[in-house]
Amino acid sequence: MATTLSTPHQAVYDPNSQEFSVAGVIRPRSVDEIAPSLSALRQAIEVARGVLYINVKRLVQMNNTAFHAFSRVILDACRSRSDIRFVVVTSSVVGWTERMFRHLSRIEPQVTVEVYDSKFYPGQSFVEDTSFIPILRTQTKMTWRHERAILPRHGMRPGIHMADICCGIGDFAVLVRKEFQPARIVALDHSRASLAYARNVAADFGIVDIEYSYGDASEMLLEDDQFDLVTCRHSLQIFNQPHVLLKELYRICKPGGRVYITNEKNSHCLGEPRSQSIQWTYNEVAKLFSHFEMDVELGPKSRRFLADAGFEDIRVESFMVTNLDGDPQDFADIITAWENVYAGEMAVKRGDPPEFIERFRQGFRDHIFAALHPKGYAGWPIWAASGRKPL
């Protein structure tokens, strides 16, 4: 069941997950204005068994009139039904919802509040750490040489409205702005440290027309059908539910617009000399990420993911970033950063023994050796793919 009112909010109940979602802006002058949504909540409570989830992750605003009305329905249900429990799911992106709904949990033991970010995705602590900033900077520097030629084939052109989701430190948005001159760029990320870095860089260069936004990519506070092009680079592979992100990317893309993604297949990283050590190491990288529910082998699967999400006219191509793309030291710097994170914090957290970690580190060092060797070759494959949202 779904209710859409003249006020800009939505109330939707999903019986499969027993989740009642409220999104948008709810600022009624009287309770009568939100009566259909309150009725939908009562109906959800009637059919729910065990736990009813109240999802407010995309609730932008709610005044006291609305809050007290929704709270009264929940509290009345708690007093009439001892068999039901309510879990209010909030997000730090809209931190006021946690503070507001915590009041309910304090007065009613059948109500609990969960902050979604604590369960955002298993690898969050690794990829949102500031130690990743040098990786992101150098990676973009090397991939841009390829992507600037690829992007026009996937919907990039001057004057469009675009969103860069999981924008990291914002360097891709800056490069796109300079090269292609979109009319509007929204750049969103969940890492406060990365966004702070992006905003500082923009300020240093006098860039004022990129809209940097803090947000949860799986529950964005962006309206439907806004953007001609939505980009999401190197990000589906680090989420344990990439289909959830694609659903959001699809939602904010205009009908006829495109969603552009890049992902990797780490086990195909290569190098000569010392190829055997290098191959073993990147096979182990894939296993390590899999342990933390991330899939750095996702690149060639892009077509399937886009098709399953409902996109059409799917385009897929791959390119190899190598030590010959400019200064070989840049490639070596990327590998050094990988070693520090993968063979450092991640391997230790998985509980790997010292002898494994040392062999793991040696593989990265062998890849660096190949990258810097005067006759060596080192490669890192990336898949770029896009799909069009049907009209």
- Please report how far the C-alpha centroid of region 250-288 lies from that of region 149-219, rounded to the nearest whole angstrom. 22
- State the antiparallel share, in %, of DSSP beta bridges confined to the chain, rounding to the nearest 5. 45
- Query: Near the amide H of residue 297, under 5 Å away, which other amide H atoms are found, from residues 5 or more places off or on another chain, if H is placed in the peptide plane?
  - Reply: 266
- Item | Lysine pairs in region 250-391 with Cα atoms under 21 Å, if 8 or more residues apart or on separate chains | 6
- Once a ≥ b ≥ c are taken as the square roots of the eigenvalues of the Cα gyration tensor of region 226-310, is the result rounded (a/c under 1.5), prolate (a/b larger than b/c) or oblate (a/b not larger than b/c)? prolate
- Query: Which label belongs to the value computed from this structure, given these candidates for percent of Cα pairs over 32 Å apart: (1) 42; (2) 34; (3) 52?
  - Reply: (1)
- Query: HN-Hα J couplings of region 366-380 from phi, Karplus 6.51/-1.76/1.60, θ = phi - 60°, integer Hz, Gly and Pro as x?
  - Reply: 5, 5, 5, 4, 5, 5, 9, 5, x, 10, x, 9, 9, x, 9
- Note on the structure: Net charge near residue 233 (other residues with Cβ under 10 Å of its Cβ; Lys, Arg +1; Asp, Glu -1) is -2
- Does region 296-391 come out rounded, prolate or oblate by the C-alpha gyration tensor, with a ≥ b ≥ c the root eigenvalues, rounded set by a/c under 1.5 and, if not, prolate when a/b is larger than b/c and oblate if not? oblate
- Summarise the accessible area of the chain (1.4 Å probe, protein heavy atoms) by the percent that is carbon and sulfur. 50
- Query: Given a 1.4 Å probe, how much area per residue of the chain is accessible, in Å²?
  - Reply: 44
- Query: When Lys and Arg each count +1 and Asp and Glu each count -1, what net charge do the other residues less than 10 Å away from residue 110, Cβ to Cβ, add up to?
  - Reply: +1
- Message: I'd like the distance between the alpha-carbon centres of region 70-89 and region 318-356, rounded to an integer number of Å.
- Response: 50
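The values are calculated or read from the model by the stated rules, or taken from the named source; none is laboratory data. Model, not experiment: these values are computed from the prediction. So basically every Cβ, Gly included, is an ideal-geometry build from the backbone, and we count neighbours across all protein chains shown. Quick note on the areas: whole protein, heavy atoms, side chains included, nothing else; ligands and nucleic acids left out. Shrake-Rupley method; radii C 1.70, N 1.55, O 1.52, S 1.80 Å.
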